[in-house]
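Please treat every number below as a calculation from the coordinates, not as lab data. In this text, all values refer to a predicted model and were calculated from it rather than measured experimentally. Cβ placement follows ideal geometry from the backbone for every residue including glycine, while neighbour counts extend to all protein chains displayed.
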Amino acid sequence: MLHALGRGFVVRCVASVVEAKAFLDAYPPDILVSEVIVGQESGLELCRYVRGQSSLRHLPIMLLTSLTTLQDKVAGFSAGTDDYIVKPFDARRLRARIRSLVRIKRIERLMSS
């Protein structure tokens, strides 16, 4: 994914959901992009965690995955993701969707203030 994003993005990578939670609490990003399967852990759990934190509730979440069934997609959206991208993906489309999600969430945050 680092290669797909190219220039114009600052990317921070973590190795586990536990590490991601600690990082999100300390350094909230503009967007969270996660795999659904994170080693032995679940990116869906991470989505639910983010949605349960008042300080992170407006954080846009995108899941990248090779899981393609309707049930997989519904589970992702039910957990709180804003977008669900199936691999393989087009890098230009990924960058455009990330920019779009960040823009939408900024507008939502302004409207709720």
(request) Round to a whole angstrom and tell me the spacing of the C-alpha centers of region 82-99 and region 7-29. (result) 18
(request) Fewest Cβ neighbours within 10 Å first, please rank THR68, THR81 accordingly. (result) THR68, THR81
(message) Place a point 7 Å from the Cα of ARG99 along the Cα-to-Cβ direction; which residues of region 16-43 have their backbone N under 19 Å from it?
(response) 30-33
(request) Quick one: which residues, 5 or more positions from TYR84 or on another chain, have an amide H under 5 Å from its amide H? H modelled 1.01 Å from N in the peptide plane, none for Pro or chain starts. (result) LEU63
(request) Within the chain, what's the longest run with no trypsin sites (Lys or Arg not before Pro) in a DSSP loop and at most 10 other beta-carbon atoms within 10 Å? Give the range, please. (result) 13-113
(message) In whole Hz and in residue order, list the ³J(HN,Hα) couplings for region 40-53 that follow from phi through the Karplus curve 6.51 cos²θ - 1.76 cosθ + 1.60, θ = phi - 60°; x for Gly and Pro.
(response) 8, 10, 10, x, 5, 4, 5, 4, 4, 4, 4, 5, x, 9
(request) Note down the relative contact order for region 1-84 as a percent, whole number, built from C-alpha pairs under 8 angstrom at least six residues apart. (result) 27
(message) Please enumerate, by chain and number, the lysines with C-alpha under 22 Å from the C-alpha of LYS87, excluding those fewer than 8 residues away in the same chain.
(response) LYS73
